[in-house]
Structures are given as structure tokens and as C-alpha cells.
Amino acid sequence: MISKDKTFNILAKYRQYLLLEKALSNNTIEAYLSDLDKLLSFLKIENISFLDVSLENLENFAAGLRDIGIGARSQARILSGIKSFYHYLIIEDYLDKDPTELLEFPKMGKHLPQVLSLEEIDNLIGCIDKSTREGLRNSAILETLYSCGLRVTELCTLKISDLYFNEGFIKVEGKGSKQRLVPISKRAIKEINYYLQERYGFNIKKEYEDYLFISKFGKNISRIMVFHIIKELAERINLTKTISPHTFRHSFATHLLEGGANLRAIQCMLGHESIGTTEIYTHIDKNMLRSEIIEHHPRNIEYREKEKNK
């Protein structure tokens, strides 16, 4: 059996690899290590070193996950983390052969995310009381989520210094601290500017002056608060769909696709790992990307129509 000191040393180096080489967030790293710990606990009971593990051992571990009622999606996440660990052991020459190479993932039915219609989005935003400071903020939040397809964490950490309204972009820090430029609609810019006129009233705490969306406690708004705002608005208009901040992200992508936008441009906007942010901006001209969004996003189409009819 491998010694405790060597195990600790390998795991510590693996953590560094996830942080520095893979550029994962601390929360994601903890999730990887937590899932890996499930395998290590299993192997300890079986008296097997993780360096001596076989495909059969891993299949027995996966079967155990099913037996204790862990869902297929969670099983797949755990096994994906384990594959990552053994990939690391290969590249660092701890192992010559990857025992996870033929490990099969559980089959999952296709899950179609909930999508809002443009009318439902309008109803949600339309029921906000904009006579209040919080209402102006909430309207700007929903418009930004829908206009830019942001993750909720990206929204909560958005800063005033990240806004480039004259150029029509915002700078977003996504997963793994990767930054990307995202076009923003004129409608969202308008709502944010209305909110900025009243933002000072939140009594912003020191070191939080640059965060865009502020809570009543004077700090940047939390993910939980954004979930709560959206849930409350959905109840107000009797919306039967179960929605979250991520629903606006799915709706954003779906509406752009339906409008004929280029799929690669949408992937870049969303900041998916399959298209590295830094790499993609060497291949896709940002003005072309902006024109794709401006042409196809419903908010911009709606704005152009209103301007024509003035």
C-alpha cells in the first residue's frame, strides 16, 4: 500500500495542477477532491492502492454509487473527476496505463433546459416596480442576464469598470478567472444607466464601490438574492415554469439560434470551455461578433422597430 505521506503529497500536487494548470475555481477544485475522496474511501475498505486500481475496481465503485441511490448525472460528475485524477497521474508519470480509459459513464436521458418566451421575459420585467431603487436594480439585473447570457456569478461580480458602453461591450470574468468581452444591448445599457442614477442610495461599503449590482447591505448582490428576486417575480405573474438565473442564459442562446445567429459566436458569448476565450478572440473579430448579436437579439430588433416608428 502507498504510504499516507506519499498519498498526501500526490493529492497536494494534484490540487496545484487543478489550480494552476486547469485554472479551476476553489469551489470546483473542492468538488473534484470531494468526489475523489469517495473513491479513496472505497479503495481503503477494499485494501487497494489508487496506484494499483483496475478497471474492475472502478466498475465496482461505480456500481456502488448506483446502489446507494446517487443519480446518473451525479455519477457522471464523480466519474469525470476520477478520470481527471488518473489523467494527471499519467502525465506526471505515476502510472503507465490509465485504468479509467474504458470506464463507461451512466446513460442519461436528454434534459432540455427550461426556456422563457420573449413575452414571458417582458412580463417578468414589466411587473417590477421601477419607482423604487431596488426595482431599478432588479430591472437592470434581468435585462443584463437576458441581453448578455451571463452566469449568475458573472453577474454578481460584474464591476462598473467592466462596462464599456461607448463600445457596446462589457468585460466578464467567467470560470477559471477567464475573461471575455460580451456585447450588450442598448435596452440593457438604458436600464443600467437608470439604476446607476439611484445606486448611491444603497450606502455602499468600502471595497465594494466598483461592483455594479449592490444589495441592501452595501455589498455586491449575492447569487441567492438573484434567485430570490427571480422566484418572487415569477410568482407575481403566476408563471408556472420553474426558473432560475440560468433560465435567462438558456433563453438568450435559444432566441439567438432561432433568429439565425452563428452558433460559434453564441458559444463565444457564453464562454463555454470548448472554445477558449483567449484563443477565440484571435480568430473571431469582435466587431463581427457584435454585429451577430446586434442583428439577431430580440431586444435589439425591438429597439430598431421602435426607432423606425418614431
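The values are calculated or read from the model by the stated rules, or taken from the named source; none is laboratory data. Since the structure is predicted, the reported quantities are computational estimates derived from the model, not experimental observations. Cβ atoms come from the backbone with ideal geometry, glycine included; neighbour counts cover every protein chain shown.
Listed by position, the helices (runs of 4 or more DSSP H) inside the range 116-158 whose residues that are β-branched (Val, Ile, Thr) and within 19 Å of the chain's Cα centre (by Cα) number at least 1 are 133-148, 152-156. Residues considered: GLU143, GLU119. Of these, the only one that is out of contact with any Phe, Trp or Tyr (no Cβ under 7 Å at 6 or more places or on another chain), among the acidic types (Asp, Glu) and crowded, with 17+ Cβ neighbours inside 10 Å is GLU143.
Just name the residue that is farthest from ILE78 (Cα to Cα) out of those in the range 2-17 that are of a type in the set (A, V, I, L, M) and either without any contact (Cβ under 8 Å) to a residue 60 or more places away in the chain or not assigned by TED's automatic domain parsing to the domain that holds SER84 (or both). Within the range 2-17, the match that is farthest from ILE78 (Cα to Cα) is ILE2.
Condition check for PRO99 on (1) surrounded by 13 or more Cβ atoms within 10 Å (Cβ to Cβ); (2) at pLDDT 90 or above; (3) closer than 30 Å to GLU302 by Cα: one failure, at (3).
Let's see how each residue does on (1) under 30 Å from GLY135 (Cβ atoms); (2) modelled with pLDDT of 55 or more:
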| residue | (1), (2) |
| --- | --- |
| LEU233 | yes, yes |
| LYS241 | yes, yes |
| ARG249 | yes, yes |
| ALA253 | yes, yes |
| GLY259 | yes, yes |
| CYS268 | no, yes |
| SER274 | no, no |
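Residues that are without any contact (Cβ under 8 Å) to a residue 40 or more places away in the chain and hydrophobic (A, V, I, L, M, F, W, C) were ranked within the range 34-54; the one that is surrounded by the fewest Cβ atoms within 10 Å (Cβ to Cβ) is ILE45.
Of the helices (runs of 4 or more DSSP H) lying entirely inside the range 175-275, not one contains at least 3 residues that are surrounded by fewer than 19 Cβ atoms within 10 Å (Cβ to Cβ), of a type in the set (Asp, Glu) and in contact (Cβ under 8 Å) with a residue 12 or more places away in the chain.
If only one of THR28, THR7 is farther than 27 Å from LYS175 by Cα, modelled with pLDDT under 90 and surrounded by 14 or more Cβ atoms within 10 Å (Cβ to Cβ), which one is it?
Numbers: THR28 fails: farther than 27 Å from LYS175 by Cα.
One residue alone meets the criteria, THR7.
Scoring GLU101 on the criteria (1) of a type in the set (D, E, K, R); (2) within 20 Å of PHE213 (Cα to Cα); (3) not in a helix (DSSP H, G or I) leaves a single failure, condition (2).
Just so you know, in the range 55-92 the residues that are within 23 Å of ARG15 (Cβ to Cβ) and β-branched (Val, Ile, Thr) include one that is surrounded by the most Cβ atoms within 10 Å (Cβ to Cβ), and it is ILE82.
Keeping to the range 203-262, report how many residues are at positive phi and under 15 Å from the mean Cα position of the chain (by Cα).
Taking the range 203-262 as the starting set, the residues that turn out to be at positive phi are 203, 207, 218, 238, 260.
Pick out the ones that are also under 15 Å from the mean Cα position of the chain (by Cα) and you get none.
Residues meeting the conditions: 0.
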